[in-house]
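What follows is a structure written as structure tokens; I'll ask about it next.
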Amino acid sequence: MPHIMKRSILVYSFLALMAFAVTSCDTRSMMTPGLKTSTSLIRTSVFGVTDTITLLDTLSVGDTVRMGMICNGYYDYLRTVLVSNETSSVSLSLAWPDSLSYVLAPESDAAHGRLTFLPQKAYAIVTTLTYIPEESGMHKIDIGITSSAPDKYSQYSGFFMIAVE
């Protein structure tokens, strides 16, 4: 009986050692960048009337819509935040204060929806997406965020549709 017990202890010790050997020692947490948007948007009509709407509401050509956004790299710093659309049917911009321009790379263009950050300067940001539809129809607005996370965790992409009459 003692011989069998010694053999069992040896086998279990060997298995534990092998499990420990193949376990990654990288304790760094990894998360894909995140985006939170406001559920109520501020619309100003071409006549100057301001109201609160949701993403599902129909817009008119020339309405100005503002949507608050929080972009978060979590454990990794942000590299880019980009909003775009396939055509020039919607004018897009991101708000960025001059007092925080020191975190932006020279290729940033907030007036056209592109924020590029210097390394290790921005882990999370608050901004406002402003869009103005210039043609009627359904329009897709894409949002992309990249961070310094390893490749398979470094990108967030999403979109929303707007209906314009």
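The values are calculated or read from the model by the stated rules, or taken from the named source; none is laboratory data. In this text, all values refer to a predicted model and were calculated from it rather than measured experimentally. As a convention, Cβ positions derive from the backbone with ideal geometry for all residues, glycine included, and neighbour counts pool all protein chains shown. With ligands, DNA and RNA removed, areas are computed over all heavy atoms of the protein, side chains included. Shrake-Rupley method; radii C 1.70, N 1.55, O 1.52, S 1.80 Å.
Can you give the net charge of the other residues whose Cβ lies under 14 Å from the Cβ of ILE53, counting K and R as +1 and D and E as -1? If you can, show how the numbers build up before the last one.
Working: positive: ARG43, ARG66; negative: ASP51, ASP57, ASP63, GLU165.
So the surrounding residues net to -2.
Work out from phi, with θ = phi - 60° and the Karplus expression 6.51 cos²θ - 1.76 cosθ + 1.60, the ³J(HN,Hα) of each residue of region 105-116, listed in order in whole Hz, and give x for Gly and Pro.
Using θ = phi - 60°, the values come out as 7, x, 7, 5, 8, 4, 5, 10, x, 10, 10, 10 Hz.
Considering only protein heavy atoms, what per residue accessible area in square angstrom results for region 117-157 with a 1.4 angstrom probe?
Details: 2200 Å² over 41 residues.
Heavy-atom accessible area per residue stands at 54 Å².
What trypsin sites (Lys or Arg not before Pro) does region 120-165 have in DSSP loop regions with at most 16 other beta carbons within 10 Å? Walk me through the numbers before you get to the answer.
Working: sites: LYS121, LYS140, LYS152; in loops: LYS121.
Sparse-neighbourhood loop trypsin sites (Lys or Arg not before Pro): LYS121.
Here is a further query. Keeping all protein chains in the complex and leaving out DNA, RNA and ligands, what accessible area do you get for ARG114 with a 1.4 Å probe, in Å² to the nearest 10?
In the full protein context, ARG114 sits at about 90 Å².
Against the empirical 2.2 N^0.38 Å scaling, what ratio does the C-alpha Rg of region 39-117 come to?
Here the Cα radius of gyration is 1.27 times the empirical estimate.
Can you list residues from other chains, or at least 5 along the same chain, whose modelled amide H is less than 5 Å from the amide H of LEU59?
It is ALA163, VAL164, GLU165, by chain and number.
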